[in-house]
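The values are calculated or read from the model by the stated rules, or taken from the named source; none is laboratory data. Please read these numbers as outputs of a predicted model, since none were measured by experiment. Here the Cβ is made from the backbone with ideal geometry for all residues, glycine too, and neighbour counts use every protein chain on show. To get the accessible areas, we keep the full protein, side chains included, count just its heavy atoms, and leave off ligands, DNA and RNA. Shrake-Rupley method; radii C 1.70, N 1.55, O 1.52, S 1.80 Å.
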Amino acid sequence: TVVVTGGPDDDWVRSAFAGIPVVDAIGATSLPGLVALYRSCAAVVAHDSGPLHLAHLASTRVVGLFGPTSPTAFLREDARTATLWRAADLACAPCYDGRDFAACGDNLCLQRIDIAAVLARLDALLAA
């Protein structure tokens, strides 16, 4: 079962999952509820955001998707943590200076992360 989470402002995500059997929990959890939900999951896939770090703190297996930030600055890989960052060769990366993100009109750093790579990292974590 796939559960899609997010805050009340993440309604825009729903259309990406239209017609796919998922549990929609967007805007339906408190922060403690989100941690409890993540604790019950086999794994969580999320971009570098609060939910990714909450899942990690809940001791859940995580696949972290990084774009503007380098994963080595924010999340260490271990037996239950995998990261994907496809921006190392981009002149603009990382574009976060610790306070602000650079203006970006085309987030190639995230567009380069393909579904097959995410699923491969997820499968490897679940098999370990």
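Dividing the convex hull volume of the Cα atoms of the chain by its residue count, what figure in Å³ per residue is obtained?
Given the Cα convex hull of the chain, per-residue volume reads 128 Å³.
Using 0.36 nm times the number of residues separating Trp12 and Ala124, minus their current alpha carbon distance, what extension gain do you get?
In short, 37.3 nm is gained.
Antiparallel versus total DSSP beta bridges in the chain: what percent is that, nearest 5?
10
Report Tyr96's accessible area, 1.4 Å probe, all protein chains in place, as a number in Å² to the nearest 10.
Roughly 70 Å² of Tyr96 is accessible to a 1.4 Å probe.
Return the long-range amide H neighbours of Arg112 (sequence gap of 5 or more, or a different chain), with a cut-off of under 5 Å between placed amide H atoms.
Under 5 Å from the amide H of Arg112: no residue qualifies.
Find the accessible area per residue for segment 1-102; the probe is 1.4 Å, ligands and nucleic acids are left out, and the unit is Å².
I get 59 Å² per residue for this part.
What is the gain in length, in nm to one decimal, between Tyr96 and Asp24 on full extension, counting 0.36 nm per residue of separation less the C-alpha to C-alpha distance?
22.9 nm is the gain from fully extending Tyr96 to Asp24.
Heavy atoms only, probe 1.4 Å: what % of the accessible area of segment 33-105 goes to carbon and sulfur, would you let me know?
Here it works out to 56 percent.
Sort all Cα-Cα distances of segment 1-76 into consecutive 5 angstrom bins from zero, then give the percent of pairs in each bin up to the one containing the longest distance.
The distribution over segment 1-76 is 3, 15, 26, 25, 19, 10, 2, 0, given as percents.
Would you kindly compute the Cα radius of gyration of segment 73-128 and its largest Cα-Cα separation (Dmax), both in Å?
13.5, 39
R0 = 25 Å: FRET efficiency of Val2 with Arg76, Cβ-based, nearest 0.05?
Using R0 = 25 Å, I get an efficiency of 0.45.
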